[in-house]
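Undergrad: Below are the structure tokens for one structure; questions will follow.
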Amino acid sequence: MNKLADADLADDSHLDESDQVFASAAELFRLLATPIRLKIISALCAHEKNVSQLLAEIETTQPNMSQHLATLYRAGVLARRRDATQIYYRIGSERAATLCRAVCTQIAVELDGAGEIPAAERLAPLHMLKG
């Protein structure tokens, strides 16, 4: 092969890797694009909790909570352990928890209006900030 062909192959492999990165990020964002899932992750950041403890903090039904916990568990965002009849959930992916924390904290700061944030640095849409 000539150098041009080698460069083309290298570019194609780079695009494939890049596509994989973006696809993985999009999948994570899709998984986290539900407010209740963000609340669950936030509730578990400090320590593990069982379903009853989560239901005391997050307003939803038990079947709905279980469905979201199962989805997050299957995706590896949450881990769990059984203690007799109770199942305790904890953060299983620090990457997902860090992402949630960063985005939610940034939006909370913007909504608080403590300081003017340049438009290019905002995460929340401008109409949300003006209230």
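Where a number appears in this text, it was derived from the coordinates with a stated rule and is not lab data. Computed from a prediction, not measured in an experiment: that's the story for all the values here. Note that each Cβ is placed from the backbone with ideal geometry, even for glycine, and that neighbours are counted across all protein chains shown.
Undergrad: As an exercise, use a Förster radius of 30 Å and the Cβ-Cβ distance of Leu31 and Asp83 to find the FRET efficiency, rounded to the nearest 0.05.
TA: 0.70
Undergrad: Please work out whether segment 33-78 counts as rounded, prolate or oblate from its C-alpha gyration tensor, where a ≥ b ≥ c are the square roots of the eigenvalues and a/c under 1.5 means rounded, while otherwise a/b larger than b/c means prolate and anything else oblate?
TA: Rounded.
Undergrad: Grab the Cα-Cα distance for Thr98 and Asp19, subtract it from 0.36 nm times how many residues apart they are, and report the gain in nm with one decimal.
TA: Answer, rounded to one decimal: 26.2 nm.
Undergrad: Then there is this: Any idea what the relative contact order of segment 18-117 is, in percent, if you count C-alpha pairs under 8 Å spaced at least 6 apart?
TA: Values: 81 pairs, mean separation 26.4, N = 100.
Once normalised by length, the contact order is 26 percent.
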